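To start, the structure itself, in structure tokens.
The values are calculated or read from the model by the stated rules, or taken from the named source; none is laboratory data. Note that the coordinates shown come from a computational prediction; the quantities given were computed from them, not determined experimentally. Here the Cβ positions follow ideal geometry from the backbone for every residue, glycine too, while neighbour counts run over all protein chains shown. Remember, those area values only see protein heavy atoms, side chains included, never the ligands or the DNA or RNA. Shrake-Rupley method; radii C 1.70, N 1.55, O 1.52, S 1.80 Å.
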Amino acid sequence: MNNLNLISNFAEFKELKNIDKATMIGVLEDVFRHALQKQYGTDENFDIIINDDKGDLEIWRNREVVADEEFTDEATQIALSEVLKIDDSYEVGDEYTDEIPFSAFGRRAVLSLRQNLASRILDLEKANLYEQYSSKVGELITGEIYQVWKRDVLILDEEENELVLPKSEQIPNDRYHKGDTIKVLVKSVEMINNQPRIIVSRTANQFLERLFEQEVPEIYDGLITIKKVARIPGERAKVAVESYDDRIDPVGACVGVKGARIYTIVKELSKENIDVISYTQNTKLLIQRALSPAEISTITIDEENKTAAVHLKQDQVSVAIGKGGLNIKLASQLTGYNIDVFRELESGEEDVALTEFADEIDGWIIEALHKIGCDTAKSVLDMDAEVLAKRADLEVDQAENIIAILRAEFEE
């Protein structure tokens, strides 16, 4: 068994496992020194020479020449009579160096050495992968879908490292097929049973931010900053942006000519609607922009409780709330204020605040009605029972009972 056969895959390890030369040489030397200690009881008088270009490895033993009667340790000494059989020029006190063939270790020891080397390389590969992806947390990467399970999706990166996209990090509207290319955000890396587990995401707000950086050069260059993001993955998102250059329109730059830039992002997010607004430190103006396209009449801010009362005309209430309450929910997330919408009474119109019915209608129901923009009796009576139940997340019979109570107020 020659030296080259034992480590014939050295170059392959170095190439496929992305292990640098110095580290690989260190591992090889450590493994062989461990074998020497086991075989000879010490490794101190051995030199290990590694030709990293070819993968060759040589082991040389250095022993002191001693008189025959002083010979006690075969590992560190060689008797004068023995060395003179090889070369008659040696004298007592000289150092004799000879190469140790792998056959000297024995077949079982060589097999153990192989296994030890493979195990060390595997551990090194895991550690390198962990370090590599720990530095990539928050970055956008592209991979190929390798396996689609009931809950998780397995993705391979360019180096065929395994990435896991859990169900909780998947956009609900996404459809995954083996072999498809997919963009993901590296969310976290953890070690489980000495095995790195790389979690990626498509639902994180940061994923949307990275897509904007990729598609909008002004954001990548730092001329435009993404100040805040509010998002319901697969449904709708609001992004507040700010420009540090007065000559650059931040919203226009993000949307692109004829919406080209924003379209690319929307397409990547399974047609998730994205509203881009210009950020401002003026709270009222920020709330007004966040509730766009609704036209707001007045806004009252409570800074202490972080709430905002928004008054709108009747035809703007549903616009502010949005389908399924998404618009007002995202506006609240984006601004950091709990926003309540109220319908303005038209001139001469008589109405009664819902709070006046607290004795007949449960408080949680009144609060639910407020959240959908119904703060007066007539704002509720403008809807039939089924619509009211759906929008306020009530049972139909509950909605019918509420309508009956409110209608009685005006029939008296």
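Numbers below:
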quantity: Under 11 Å, Cβ to Cβ, from residue 337 - net charge with Lys/Arg +1 and Asp/Glu -1; calculated: -1
quantity: Segment residue 75-residue 60, extension gain: residue separation times 0.36 nm, minus the distance between their alpha carbons; calculated: 4.2 nm
quantity: Low-density loop positions, trypsin sites (Lys or Arg not before Pro), region 63-130 - DSSP coil, at most 12 other Cβ in 10 Å; calculated: 85
quantity: 3J(HN,Hα) from dihedral phi, region 118-124, Karplus parametrisation 6.51/-1.76/1.60, rounded to Hz, x for glycine, proline; calculated: 4, 5, 5, 5, 5, 5, 5
quantity: Two-site FRET efficiency, residue 353 against residue 123, from Cβ-Cβ distance with R₀ of 56 Å, rounded to 0.05; calculated: 0.20
quantity: Total formal charge among the other residues, if their Cβ is under 12 angstrom from that of residue 169, Lys/Arg +1 and Asp/Glu -1; calculated: +2
quantity: In region 239-330, the GluC sites (Glu not before Pro) that fall in loop regions by DSSP, at most 13 other Cβ within 10 Å; calculated: 295, 303, 304
quantity: Simple spin-label estimate for residue 104 and residue 364 in nanometres, 7 Å along Cα-Cβ; calculated: 8.2 nm
quantity: Entry for Rg and Dmax of the Cα atoms in Å (calculated from the structure that is shown) out of [x] 36.6, 130; [y] 26.1, 87; [z] 21.4, 74; calculated: [x]
quantity: Long-range HN-HN contacts of residue 96 with modeled amide H, under 5 Å; calculated: 63, 64, 65
quantity: Heavy-atom accessible surface of region 157-290: percent carbon and sulfur, 1.4 Å; calculated: 43 percent
quantity: Region 270-364: relative contact order as a whole-number percent, Cα under 8 Å and 6+ apart; calculated: 24 percent
quantity: Relative contact order of the chain, defined on C-alpha pairs under 8 angstrom at six or more residues apart (%); calculated: 7 percent
quantity: Amide H contacts under 5 Å for residue 313, placed H, 5+ residues apart; calculated: 297, 344
quantity: Per residue, in Å², the accessible surface of the chain once ligands and nucleic acids are set aside, probe 1.4 Å; calculated: 56 Å²
quantity: Crossing angle, helix 326-335 versus the chain [Cα axis fit, 0-90 degrees, rounded to tens]; calculated: 70 degrees
quantity: Point-to-point label distance, residue 309-residue 382, nm (Cα→Cβ direction, 7 Å offset); calculated: 1.8 nm
quantity: Amide H within-cut-off set for residue 306, under 5 Å, with H built and near neighbours excluded; calculated: none
quantity: Neighbour net charge for residue 140 - beta-carbon separation under 13 angstrom, K R +1, D E -1; calculated: -1
quantity: Estimated 222 nm signal from helices in the chain, with DSSP H stretches of n ≥ 4 weighted -39500 (n - 2.57), rounded to 500; calculated: -11000 deg cm²/dmol
quantity: Label-to-label distance, nm, for residues given as residue 264 and residue 94 (7 Å Cα→Cβ offset); calculated: 7.5 nm
quantity: Ordering of 282-291, 216-225, 130-139 by packing [mean C-beta count within 10 Å, highest first]; calculated: 282-291, 216-225, 130-139
quantity: Dipole moment magnitude, nearest 20 debye, the chain about Cα centre, only Lys, Arg, Asp, Glu C-beta charged; calculated: 1440 debye
quantity: Full-stretch length increase - residue 148, residue 281 - with 0.36 nm per residue and alpha-carbon distance subtracted; calculated: 43.4 nm
